[in-house]
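What follows draws every value from the coordinates through simple rules; no lab data is involved. From a predicted model like this one, the values you see are computed outputs, not experimental measurements. Here the Cβ is made from the backbone with ideal geometry for all residues, glycine too, and neighbour counts use every protein chain on show.
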Amino acid sequence: MWVLSVVSLVRDSRGIPLYFVSQTEDITGHRMADEKLRQKMEELGRFNRIAVGRELKMIELKKKLKALEEGKR
């Protein structure tokens, strides 16, 4: 379980501590959503690298094909 905890010290007019005020919020859902987003972004990055690599390979092959075609003329 993940929680966000905020605590404040309340003082009197002389600066003497009187009491604490605290608030605790369950942020487990937010953390889980953040982790899923991080994983999806990593996956997208991998797919992007694969796509770019394939595109670069296609450009290279097209250049070689063009060179072969020009050599036949």
Next item on the list: With respect to Ile50, determine if the residue is surrounded by 10 or more Cβ atoms within 10 Å (Cβ to Cβ) and in contact with a strand residue (DSSP E or B) (Cβ under 6 Å, 6 or more places away or on another chain).
Entry: no
Note to self: Just the residues that are over 22 Å from the mean Cα position of the chain (by Cα), assigned to a strand (DSSP E or B) and not small (Gly, Ala, Ser), please, taken from the stretch 17-70.
What the structure shows: Pro17, Leu18, Tyr19, Phe20, Val21, Gln23, Thr24, Glu25
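Can you pull out every residue in the stretch 1-16 that is in a strand (DSSP E or B) and of a type in the set (S, T, N, Q)?
Taking the stretch 1-16 as the starting set, the residues that turn out to be in a strand (DSSP E or B) are 3-11.
Passing the criteria: Ser5, Ser8.
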